[in-house]
Structure formats: structure tokens, C-alpha cells
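First the structure, in the form of C-alpha cells, and then the observations on it.
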Amino acid sequence: MKLLHTSDWHLGMGYRGGITYQTDQRFAINGICKIAEEEKADGIIIAGDIFDRSIASHEALQAYDDIMTYICSTLGIPVYLIAGNHDGADRISQCSELLKKSGLYISGALEKDPYVVRGEDTDIFLLPWISTDKVISIYPDEKDNIKSMEDAYRVVLDHYRESFETGKKNILAAHAYIIDAETSESDKAAVVGTATMVGASVFDGFDYVALGHLHGPQKINEHIRYSGTPMAYSFGKEEKQEKSVVIIDTDKMEIKTVPVPQLRKRITLSGKYKELLEGEYSRDILDAYVRLEISDAFVTLETISIFREKFANLLEVSGKSLEKEDAKITMTIDELEKVVTDPVEVFVRYCQDSMGESPSEHSIELFKKAVDRYEKEEMEK
């Protein structure tokens with residue numbers, strides 16, 4: 001049996017300020033489908049966080065419907081999907097029994113009996129995102145043994161291992177944070193603290209563990225891997241990663257990674273103001289998602305407006321702060337949009353740009369009153 005392992009699609013994700021990643025996501029996922037065809041995959045494992053929000057947007061749901069229909073019906077490849085911490089477990093499980101008939105196997109919430117899809121020589125176990133409280137509610141007799149997330153995983157997976165059948169390969173899909181795994185900037189919200197961390201040993205006994213949750217592709221050991229996201233969702237480490245899927249041949253237990261094609265790069269450009277503005281760039285950089293690090297200029301509304309004309313997908317700009325000497329600030333697209341639409345922000349930025357300091361609270365209050373009076377007069381006309 002040949003399986004393709006992917007995870008953390010985060011359908012519906014966009015950048016602050018209204019930039020959507022929908023086109024990029026579709027491009028990358030279409031590439032994953034093509035890889036599945038070329039590799040003659042017998043199944044696709046999606047190890048959680050297929051959506052970015054528990055209540056997915058209309059666009060995200062439409063993309064999900066289109067993609068699952070194409071994979072399961074057009075390509076005829078079964079999909080094994082688990083809920084991650086971003087997914088709404090109950091919502092993602094809707095009609096799951098009916099969808100099995102179309103080859104879409106969904107494990108939304110943990111149940112007492114292991115979710116296992118039996119094959120001729122390979123069994124696929126699905127373990128969605130769990131919490132200690134959820135595990136205790138399902139296995140109340142184990143309450144005294146569950147003091148941590150790792151304890152919870154051990155209890156659950158001990159029950160899973162009891163379902164092993166002699167002579168078969170056992171594949172597990174899970175959504176977990178492994179101790180010492182490498183994180184990316186876009187993982188920050190998911191990995192606050194250490195309470196959800198587990199040791200890799202909790203997965204002992206499985207022939208391959210297809211993990212989701214962390215966004216960088218990485219190998220914990222030969223048979224425990226994170227596939228990572230289909231595209232980069234942050235700068236720093238993630239912009240340097242080669243996004244990929246994992247192909248597992250369970251007959252030979254051969255494992256390899258295959259790169260996922262990308263529509264746009266994500267890149268950080270650093271340098272002096274004039275160098276960055278007047279530099280010659282290739283088309284793929286001009287079209288990329290860009291973060292600028294300006295070493296010798298203040299970050300102002302005017303600065304950003306100028307660079308946005310050059311870099312259509314500029315997301316972040318960092319540089320010298322007008323408010324604090326020798327300090328740096330970073331402005332993101334959502335802040336820029338706020339500057340454009342909020343008159344108070346326009347006033348504050350104007351004072352910073354022209355006078356080198358923020359207006360006093362008294363000045364801001366006077367400005368607000370003037371704006372309110374103006375808006376009232378306009379409405380009365």
C-alpha cells in the first residue's frame with residue numbers, strides 16, 4: 001500500500017489586512033493531487049487542521065468540498081482525515097458515516113473505540129486532537145493516571161495498540177506537539193507553553209506516524225514525521241523550508257519526501273532604503289510575499305506606500321522607530337489598512353512623520369471632536 005501524508009492546509013487562512021491565500025493554497029493542493037496521481041497513491045492522510053478556523057468561511061468550505069470531491073470521486077483515492085486543534089470537531093464530522101461510502105474517512109472527536117480503517121495488509125488508525133479532559137471523560141477509570149498530555153496519549157494509544165492484528169502494518173495519523181520538534185513563526189499560537197508536549201515514545205509500536213500540528217516538514221525519527229504545511233505561512237525559518245509531502249510504501253516500508261510546487265515565494269529583503277527601492281529584482285521576487293527590513297530609514301506611511309508600489313504583495317516592513325531612539329518597529333498590512341481608514345490613526349501617523357513624535361492625549365481628543373463635528377455636519381447636509 002502506498003500512502004501520501006500531508007497536513008495543516010489551513011483552508012481559509014489569510015494575512016491580516018484582507019490578503020487571502022486561497023489562490024496559493026489551491027495551487028499547492030492541486031500539486032499535491034498531481035503527486036498522488038503520479039505516485040499511484042492508494043490513500044491520502046490529512047493529519048489535522050484542514051481548516052484555519054473552527055467555524056470555516058464559505059470560501060474555505062467550498063474549497064474543501066471541491067478538493068475532497070476531486071480526490072475521492074475523480075481520482076478515486078480514499079482520504080483519511082483527522083480534526084486538528086483549529087478544526088471544529090463536531091462540524092467536520094457531519095455526515096461522516098455517509099461519506100465513508102465515497103472514500104472520505106473522518107475522525108472528528110475522540111471516541112472510546114479506536115477509529116481504524118482495516119486493509120488487506122495495512123490498518124490506518126485515526127487519532128484526532130485530544131485534551132486531557134476529553135480522555136478522562138472517555139476513560140474515567142484512568143483518571144488517576146492522567147496528569148499530563150503525555151499521560152493522556154499513553155492511555156489512548158494503549159487502547160489503540162490492543163486493536164493491532166497480527167502480521168499487519170499499523171499506520172497512525174495524529175495531531176500532536178512532540179518534545180524537541182522544531183517550530184516556525186506560524187506555529188506560535190499553537191505551541192504556547194509546554195503543557196501539550198508529548199514524547200515520541202508514546203507512539204511506540206506503530207510502523208509509521210503521520211503527524212500534523214507543526215508547520216515545518218521534519219523527521220522526528222525514521223517512522224515519525226511531520227509533513228508540514230503545503231505553503232509557507234510565515235517568514236523566518238519557514239520561508240527557507242522546502243514544502244513537501246511524505247510518501248510511504250507500507251509493503252517495503254520505504255519513506256520519501258516529494259516537494260510541493262509553490263505559486264509564490266515568501267522572502268525577507270534586508271538593506272538600506274535606497275538599495276531596496278532602486279534594486280533590480282526578478283519577477284518571482286516582485287510577485288512574492290515580502291517582508292522588508294530597512295536599516296537606515298524610519299517606517300512611515302509614506303515609506304510603506306512607496307514600497308507597496310514596487311512589491312504588490314508586501315506584508316511587513318521593519319525599520320527605525322520615530323518614537324524611540326535606537327528602537328525598531330514592524331508594521332504589518334492590517335496596521336496599514338487601519339492607517340488608511342481610521343482618521344485618528346492618520347492624524348497620529350502624520351504627527352509622527354512631520355514632527356517626529358506622537359500627539360498628546362489632549363490633541364487626540366481635540367482631533368476626535370473635530371472629526372465627530374465634521375461627520376455630523378456632513379450627515380445634516
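Figures for the structure shown
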quantity: Subset of the stretch 235-254 [surrounded by fewer than 17 Cβ atoms within 10 Å (Cβ to Cβ) and in contact (Cβ under 8 Å) with a residue 12 or more places away in the chain]; calculated: 236, 237, 242, 249, 251, 253
quantity: Residue among 166, 122 that alone is under 30 Å from residue 254 (Cβ atoms) and free of Cβ contacts under 8 Å to residues at least 12 places away in the same chain; calculated: 166
quantity: Filtered residue count, the stretch 274-300, keeping only those that are farther than 30 Å from residue 33 by Cβ and either acidic (Asp, Glu) or surrounded by fewer than 18 Cβ atoms within 10 Å (Cβ to Cβ) (or both); calculated: 12
quantity: Test: residue in the stretch 135-145 that is under 22 Å from residue 6 (Cβ atoms) and touching a helix residue (DSSP H, G or I) at 6+ places or on another chain (Cβ under 6 Å); calculated: no
quantity: The one condition in (1) touching a residue at least 12 places away in the same chain (Cβ under 8 Å); (2) touching a Gly at 6+ places or on another chain (Cβ under 9 Å); (3) not small (Gly, Ala, Ser) that residue 94 fails to fulfil; calculated: (1)
quantity: Some residue of the stretch 185-198 being of a type in the set (Lys, Arg) and surrounded by 13 or more Cβ atoms within 10 Å (Cβ to Cβ); calculated: no
quantity: Filtered residues of the stretch 96-110 (kept if hydrophobic (A, V, I, L, M, F, W, C) and part of a strand (DSSP E or B)); calculated: 104, 106
quantity: Number of the condition not met by residue 122 [criteria: (1) more than 14 Å from residue 224 (Cα to Cα); (2) in contact with a helix residue (DSSP H, G or I) (Cβ under 9 Å, 6 or more places away or on another chain); (3) among the polar types (S, T, N, Q)]; calculated: (2)
quantity: Residue in the stretch 111-133 that is nearest to residue 2 (Cα to Cα), counting only those that are in a loop (DSSP other than H, G, I, E, B) and within 22 Å of the chain's Cα centre (by Cα); calculated: 128
quantity: Residue in the stretch 5-28 that is free of Cβ contacts under 8 Å to residues at least 12 places away in the same chain, over 26 Å from residue 168 (Cβ atoms) and hydroxyl-bearing (Ser, Thr, Tyr) present; calculated: no
quantity: Matching helices (runs of 4 or more DSSP H) fully within the stretch 272-330 where at least 1 residues are under 22 Å from residue 232 (Cβ atoms) and touching a Leu at 6+ places or on another chain (Cβ under 7 Å); calculated: 273-278, 301-310
quantity: Candidates 279, 216 - the one that is in contact (Cβ under 8 Å) with a residue 24 or more places away in the chain and either closer than 30 Å to residue 163 by Cβ or small (Gly, Ala, Ser) (or both); calculated: 216
quantity: Residue ID - farthest from residue 2 (Cα to Cα), chosen from residues in the stretch 29-63 that are surrounded by 24 or more Cβ atoms within 10 Å (Cβ to Cβ) and within 14 Å of the chain's Cα centre (by Cα); calculated: 51
quantity: Checklist (1) modelled with pLDDT under 95; (2) surrounded by 15 or more Cβ atoms within 10 Å (Cβ to Cβ) applied to residue 20, failing item; calculated: (2)
quantity: Pick from the stretch 134-174, criterion among the charged types (D, E, K, R) and assigned to a loop (DSSP other than H, G, I, E, B), ranking: nearest to the chain's Cα centre (by Cα); calculated: 147
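The values are calculated or read from the model by the stated rules, or taken from the named source; none is laboratory data. Values in this document were obtained by computation on a predicted structure and should not be read as measured data. Quick reminder, even Gly has a Cβ in these numbers, built from the backbone with ideal geometry, and neighbours come from all protein chains shown.
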